[in-house]
Amino acid sequence: MTTRYQAPRGTQDVLPDMQPYWDAVLEGIREVTRLHGFRRIDTPAFEYAGVFEKGSGDTTDIIEKEMYVFEDRGGEKLALTPEGTPAICRAYLEHGMASWPQPVRLYTTHAMFRYDRPQKGRYRQHTQFDCEVFGSADPLVDAEVIAVLWRLYERLGIRNVTVRLGSLDDWDARRAYIERLKDYYRPHLEKLSEDSQRRFARNPLRLLDSKDERDQPLKEGAPKLVEQLSAPAQAHHEAVTGALAAAGIAYAVDPLLVRGLDYYNRTVFEVVPNDDERAQGTLGGGGRYDGLIELLGGPPTPGIGFGTGIERLILEMQKNGVAFDDGSTASVYIVQRAEGAGAKVFALAAELRDLGVATLIGETGKSMKAQMRGANHSGARLAVIIGEDEWAAGQAVLKDLAGEGDQETLPFAAVAATVRERLEQIATKISAAG
RNA sequence: GCGGGCGUAGCGUAGUGGUUAACGCGUCUGAUUGUGGCUCAGAAGAUCGAGGGUUCAAAUCCCUCCGCUCGCCCCA
């Protein structure tokens with residue numbers, strides 16, 4: 001096969017068969033955010049690159065090697081959104097949300113772009129459901145944000161997931177901890193994997209989630225931040241875990257949990273399937289970022305949020321056996337096989353649609369058999385058949401495509417009303433049986 | 001950026017030097033009925049990922065490139 005045109009690397013088409021999953025996810029998001037009082041915000045597909053360079057930390061991989069940056073024709077340096085939080089923070093500042101009633105709860109679903117090497121569950125364009133809460137440092141808000149995620153997964157039929165919870169303490173305490181961590185590792189540098197030697201220099205926290213066997217022995221004895229939190233961070237952490245436990249959310253405190261972005265403090269979390277140890281099995285993650293708004297030039301403003309990848313959610317739904325019926329696109333299919341009937345048939349279809357009935361018309365000139373096949377494929381429940389005989393007599397045949405295929409003949413003028421009546425009867429029968 | 005696997009009709013596969021590249025599903029057309037599904041019959045659909053090389057002869061062997069995929073780094 002010569003594929004002359006194909007979607008760019010790391011992107012994908014969402015074909016009709018997959019749309020029910022997207023519908024279910026988006027509907028779930030709408031419902032769950034409603035229950036938690038979040039309001040929707042949409043930000044542009046691209047931003048000035050500085051928003052992310054400043055917001056995400058310009059030494060993170062996302063910025064250094066994964067961001068799609070480009071100059072527009074006016075010489076502005078722009079970037080396709082690699083991450084939602086900084087963009088929403090920008091909007092918070094731009095629209096003066098600090099003077100809205102606090103806290104401000106926002107959510108969005110947004111296409112994210114990262115120049116990564118694609119693999120299963122990792123794409124150059126993916127979609128994230130993002131939630132952010134600004135203006136509250138209350139640990140109950142941390143728990144609430146996690147609860148939003150949890151409720152969504154539950155609703156979508158995703159079982160067997162665990163919230164991994166950690167705390168990065170506050171900024172100064174974390175810096176001190178990183179020094180302790182480096183002191184611990186420094187005498188053993190040669191024993192570490194090459195990757196971890198690089199981590200030591202660049203991002204010491206990452207030492208803790210190395211998968212390399214050579215790094216495991218040292219990991220166990222390493223100082224754990226979550227076990228030596230400062231008093232305020234410790235109290236905060238306990239309030240979060242207490243709330244989660246009370247709400248029946250399955251969390252596990254993970255002293256080795258590391259989140260990639262610079263701006264987090266205190267609570268960090270991610271949600272992973274219990275049976276999946278792959279690194280990109282992570283369904284969602286987030287944390288508190290009390291310093292971020294200030295970093296972007298605003299007033300000191302606490303914040304917390306998460307992102308969860310919708311493509312990964314859908315993969316996980318499929319793994320959990322969530323399936324959908326083939327969506328039928330029509331309720332009625334008009335089979336028309338009569339010279340000169342086209343305009344009248346078209347008007348009938350319009351009448352049916354005015355009544356809210358999804359209607360398709362068989363292709364003019366095709367055989368009755370071919371049109372009936374079309375009716376079958378369309379998923380329509382009823383067929384309206386107008387052959388030469390019916391047309392000449394001013395009639396139409398109404399056929400039930402389920403079961404035996406019962407038929408009734410009726411005057412053409414009565415078709416629309418009868419169709420609606422029959423569909424209503426069928427609907428009540430189904431709901432009575434269901 | 002690094003390493004492994006794989007590229008044959010829309011999809012899933014068979015074919016590993018030798019006639020017009022095969023099968024299943026799907027699509028289209030027809031038969032049984034001016035009427036779908038089941039069954040049956042037929043048709044369309046493949047420059048065998050691309051380019052080059054070896055050979056009398058290449059889907060099959062060699063080289064290069066491209067793409068997909070899995071893993072690492074990292075992330076949703």
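Counting residues in region A:358-367 that are among the β-branched types (V, I, T) and near RNA strand B (Cβ under 7 Å from one of its atoms) gives zero. A single entry from A:A393, A:A350 fulfils the requirement of being exposed (fewer than 15 other Cβ atoms within 10 Å of the Cβ), among the hydrophobic types (A, V, I, L, M, F, W, C) and within 14 Å of RNA strand B (Cβ to nearest atom): A:A393.
Of all the residues in region A:286-307, those that are among the small types (G, A, S) and in a strand (DSSP E or B) number 5.
May I ask you to verify whether A:N274 is under 30 Å from A:E154 (Cβ atoms), buried (at least 19 other Cβ atoms within 10 Å of the Cβ) and in contact with a strand residue (DSSP E or B) (Cβ under 8 Å, 6 or more places away or on another chain)?
Against the criterion (under 30 Å from A:E154 (Cβ atoms), buried (at least 19 other Cβ atoms within 10 Å of the Cβ) and in contact with a strand residue (DSSP E or B) (Cβ under 8 Å, 6 or more places away or on another chain)), A:N274 does not qualify.
Evaluating A:V226 against the criteria (1) within 15 Å of RNA strand B (Cβ to nearest atom); (2) under 33 Å from the mean Cα position of the chain (by Cα); (3) assigned to a helix (DSSP H, G or I) leaves one unmet condition, (1).
Scanning region A:396-431 for residues that are farther than 21 Å from A:G356 by Cβ and either open to solvent by 80 Å² or more (accessible area, probe 1.4 Å) or assigned to a helix (DSSP H, G or I) (or both) returns A:E404, A:D406, A:Q407, A:T409. Considering only residues in region A:211-238 that are aliphatic (A, V, I, L, M) and surrounded by 15 or more Cβ atoms within 10 Å (Cβ to Cβ), the one that is modelled with the lowest pLDDT turns out to be A:L218.
Evaluated against (1) within 28 Å of A:I62 (Cα to Cα); (2) of a type in the set (S, T, Y); (3) more than 16 Å from RNA strand B (Cβ to nearest atom), A:T267 falls short on exactly one condition, (3).
Does A:E194 satisfy being without any contact (Cβ under 8 Å) to a residue 40 or more places away in the chain, in contact with a helix residue (DSSP H, G or I) (Cβ under 9 Å, 6 or more places away or on another chain) and not polar (S, T, N, Q)?
No: the conditions fail for A:E194.
Which residue is nearest to RNA strand B (Cβ to nearest atom), if the candidates are limited to region A:408-422 and must be touching a Leu at 6+ places or on another chain (Cβ under 7 Å) and of a type outside the set (G, A, S)? If we take residues in region A:408-422 being touching a Leu at 6+ places or on another chain (Cβ under 7 Å) and of a type outside the set (G, A, S), then A:E408 is nearest to RNA strand B (Cβ to nearest atom).
Loosely packed, with under 15 Cβ neighbours inside 10 Å and either assigned by TED's automatic domain parsing to the domain that holds A:D23 or in contact with a helix residue (DSSP H, G or I) (Cβ under 9 Å, 6 or more places away or on another chain) (or both), is that true of A:T359? Considered against the rule, which asks whether it is loosely packed, with under 15 Cβ neighbours inside 10 Å and either assigned by TED's automatic domain parsing to the domain that holds A:D23 or in contact with a helix residue (DSSP H, G or I) (Cβ under 9 Å, 6 or more places away or on another chain) (or both), A:T359 comes out as no.
Applying the set (1) assigned to a loop (DSSP other than H, G, I, E, B); (2) open to solvent by 30 Å² or more (accessible area, probe 1.4 Å); (3) touching a helix residue (DSSP H, G or I) at 6+ places or on another chain (Cβ under 6 Å) to A:I158 leaves exactly one unmet item: (2).
Could we say that A:A375 is near RNA strand B (Cβ under 7 Å from one of its atoms), buried (at least 20 other Cβ atoms within 10 Å of the Cβ) and under 42 Å from the mean Cα position of the chain (by Cα) here?
Details: near RNA strand B (Cβ under 7 Å from one of its atoms): yes; buried (at least 20 other Cβ atoms within 10 Å of the Cβ): yes; under 42 Å from the mean Cα position of the chain (by Cα): yes.
Taking the combined requirement at face value, the residue satisfies it.
Is at least one residue of region A:239-253 modelled with pLDDT of 95 or more and touching a Pro at 6+ places or on another chain (Cβ under 6 Å)? Within region A:239-253, one or more residues are modelled with pLDDT of 95 or more and touching a Pro at 6+ places or on another chain (Cβ under 6 Å).
When each of A:A380, A:A414, A:A392, A:A396 is tested for being at pLDDT 95 or above and closer than 11 Å to A:V335 by Cβ, the lone residue that passes is A:A396. Within region A:135-187, the set of residues being more than 26 Å from A:L106 (Cα to Cα) and among the hydroxyl-bearing types (S, T, Y) comprises A:Y177, A:Y184, A:Y185.
The values are calculated or read from the model by the stated rules, or taken from the named source; none is laboratory data. Quick caveat: nothing in here was measured; it's all calculated off a predicted structure. Note that each Cβ is placed from the backbone with ideal geometry, even for glycine, and that neighbours are counted across all protein chains shown. These area figures cover heavy atoms from the full protein model, side chains too; ligands, DNA and RNA do not enter into them. Shrake-Rupley method; radii C 1.70, N 1.55, O 1.52, S 1.80 Å.
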